[in-house]
Amino acid sequence: MTIHLPQGPYEPRTTPLDLAPGGSPLASRTVFSAAHVVADPYADVSPDGPAAVDWDATLAFRRHLWSHGLGVAEAMDTAQRGMGLDWAGAAELIRRSAAEAKAVGGRIACGVGTDQLPAGPATLAEVKAAYEEQLTLVEESGAQAILMASRALAAAANGLEDYLETYAHLLRQASEPVVLHWLGPMFDPALEGYWGSGDLDAATDTFLKVIAEHPDKVDGIKISLLDAEREIDVRRRLPGGVRCYTGDDFNYPELIAGDDRGFSHALLGIFDPLGPLAAHAVRVLDTGDVQGFREILDPTVELSRHLFRTPTRFYKTGVVFLAWLAGHQDHFTMVGGLQSARSLPHLAKAYELADRLGLFPDPELAESRMRALLTVNGGVR
């Protein structure tokens, strides 16, 4: 049956890919999916109020990712930190997800930031204290910590020395090695000039200096700059034993595959909708079949680039939309009302690209939900 999308008629596929849970543990790469949260659609809340989360559906989605062998990167940008999910909601998410990970034997790492600080200027001392509070919660939950970039630090720092001192202080406090996360301004405009400079070469030098001075406290780094060449350059300059987790949702197949001088592990938002397919691809890579790995993941890049197109920070809308079409949740409602952040043509194209890849476990369900969205939004012609 043909479905008439804004971009033209499309004939949906009738069979999904065979990507059942289970399989051998991922061996050659450490792979995290940054996971979205599921809103409570019946909560009477406003977009600027505290998030109302459907905890059962949210945790069920994490079990889905773990069942395919992926780790979960929790309370990150994909979970709408700072875009609908406040610190109170993030703290509860961390506690619940860490407990669930322990129960099922899943790997989990959680974001540590400063988003409990009130709006307005903050001192460096207040920034450090906020980071420390969140670091304590994550470590007490039993999860690995990911030190995320901080809007408050970006506003308070007067130069690279403030970054060096702040991160040195935090790494001394960490009881276990952490992941350092460099999130670019395409994901959050408030992070422009992070690491003390708008010049990326200078910022990179500061970032690497933090790592070089504390290699025993850094498990790895996550770079989300959508710049493959810069990631490769940084990867090659890391101290031995410090991993690079790609956060590049435009170039992840080539970065994970690597070259004769190294490769990237993965911590990606696009692996939320691609989870089962990504796990399958890495198992192929585990056998040494780089070409087979690329043949599986390369065709997914068009979908990822579509979801992460400018303004990139609204990629979360497409991620949750695909989760709804795939049957992981019963509605297309997001915390903060973010379901309205992408246009109907954008969502329709995401549906088409995902369906062509065979990502929907029940293509008929996905098609019916796409038709319903078109009807509600006046898109049926």
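The values are calculated or read from the model by the stated rules, or taken from the named source; none is laboratory data. Since the structure is predicted, the reported quantities are computational estimates derived from the model, not experimental observations. In this analysis, Cβ positions are derived from the backbone assuming ideal geometry, glycine residues included, and neighbour counts consider all displayed protein chains. Please note that ligands, DNA and RNA were not included when accessible areas were found on the heavy atoms of the full protein model with its side chains. Shrake-Rupley method; radii C 1.70, N 1.55, O 1.52, S 1.80 Å.
In units of 2.2 N^0.38 Å, what is the alpha-carbon radius of gyration of the range 285-362?
Values: Rg = 14.1 Å, N = 78, 2.2 N^0.38 = 11.5 Å.
My calculation over the Cα atoms of the range 285-362 gives 1.22.
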Under a 10 Å cutoff between Cα atoms, tell me which one of Ala109, Ala145, Ala157 has the largest fluctuation in the Gaussian network model of the chain.
-> Ala157
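To the nearest 0.05, what FRET efficiency results for Glu132 and Arg13 with a Förster distance of 45 Å applied to their C-beta separation?
Details: r = 50 Å, r/R0 = 1.12.
According to the calculation, E is roughly 0.35.
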In nanometres, what is the gap between the two model label sites at Asn158 and Ala88, each 7 Å from Cα along Cα-to-Cβ?
-> 3.5 nm
Alpha carbon centroid spacing (whole Å) that separates the range 101-173 from the range 297-365 = 30 Å
Taking only Cα atoms and a 10 Å spring cutoff, compute GNM fluctuations for the chain and point out the largest among Asp188, Asp201, Asp362.
-> Asp201
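Would you kindly state how much longer the chain becomes between Asp298 and Ser343 on full extension, computed as 0.36 nm times their sequence separation minus their alpha carbon distance, in nm to one decimal? Present the calculation step by step, with values, prior to reporting the outcome.
Working: separation 45, 0.36 × 45 = 16.20 nm, distance 2.57 nm.
Extending this stretch completely gives an extra 13.6 nm.
Across every pair of different alpha-carbon atoms, what Kirkwood hydrodynamic radius in Å does the chain reach? Display every interim value, and only then the final one.
Values: mean 1/r = 0.0474 Å⁻¹.
After inverting the mean inverse Cα-Cα distance, the result is 21.1 Å.
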Going by a ≥ b ≥ c, the root eigenvalues of the Cα gyration tensor, does the range 1-140 fall in the rounded group (a/c under 1.5), the prolate group (a/b larger than b/c) or the oblate group?
-> oblate
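Quick check on the chain: of the DSSP beta bridges with both residues there, what percent are antiparallel, nearest 5%?
For the chain, the DSSP antiparallel bridge percentage is about 15.
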Mean accessible area per residue over the chain (1.4 angstrom probe, all protein chains present, square angstrom) is 40 Å²
Pairwise label distance in nanometres, Ala60 with Arg309, each label 7 Å out on the Cα-Cβ vector = 3.2 nm
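Compute the relative contact order of the chain as a whole-number percentage, counting only Cα pairs closer than 8 Å that sit 6 or more residues apart in sequence. All intermediate terms of the calculation are to be shown ahead of the outcome.
On the way: 675 pairs, mean separation 81.6, N = 381.
Over the chain, the number comes to 21 percent.
Need the full-extension length gain, Glu140 to Arg237, defined as separation in residues times 0.36 nm minus the C-alpha distance. One decimal, nm.
Here the answer is 31.7 nm.
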Out of every Cα-Cα pair in the range 124-230, what percent are more than 15 Å apart?
-> 62 percent
Leaving ligands, DNA and RNA out of it, work out the accessible area of His68 with a 1.4 Å probe and give it in Å² to the nearest 10.
-> 10 Å²
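Suppose every Lys and Arg Cβ carries +1 and every Asp and Glu Cβ carries -1, with no other charges. What dipole size does the chain come out with about its Cα centre, to the nearest 20 debye? Spell out each step's value before the answer.
Values: 33 positive and 51 negative charges, 109 e Å.
For this selection, approximately 520 debye.
Would you calculate, for the chain, the mean residue ellipticity at 222 nm contributed by helices, counting each DSSP H stretch of 4 or more residues as -39,500 (n - 2.57) and dividing by all residues, to the nearest 500?
When only DSSP H runs of four or more count, the value is -13500 deg cm²/dmol.
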Rounded to the nearest 10 Å², the accessible area of Ser33 at probe 1.4 Å | 0 Å²
Is the shape of the range 88-167 rounded, prolate or oblate, going by the alpha carbon gyration tensor and its root eigenvalues a ≥ b ≥ c, with a/c under 1.5 for rounded and a/b larger than b/c for prolate?
-> prolate
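In the chain, what percent of the accessible surface is made up of carbon and sulfur (1.4 Å probe, ligands and nucleic acids excluded)?
Working: 7640 of 15370 Å².
Exposed carbon and sulfur together represent 50 percent of the surface.
Determine the shape class of the range 132-175: with a ≥ b ≥ c the square roots of the Cα gyration tensor eigenvalues, call it rounded for a/c under 1.5, and otherwise prolate if a/b is greater than b/c, oblate otherwise.
Here the range 132-175 falls in the prolate category.
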With each pseudo-label sitting 7 Å past Cα toward Cβ, what's the Asp199-Arg356 distance in nm, one decimal?
-> 4.3 nm
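Out of the GluC sites (Glu not before Pro) in the range 144-210, which ones are loop residues according to DSSP with at most 13 other C-beta atoms within 10 Å?
Numbers: sites: Glu161, Glu165, Glu192; in loops: Glu192.
In loop regions of the range 144-210 (DSSP not H, G, I, E or B), the sparsely surrounded GluC sites (Glu not before Pro) are Glu192.
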Number of Lys pairs in the chain closer than 23 Å at Cα, excluding neighbours under 8 places apart unless interchain, is 7
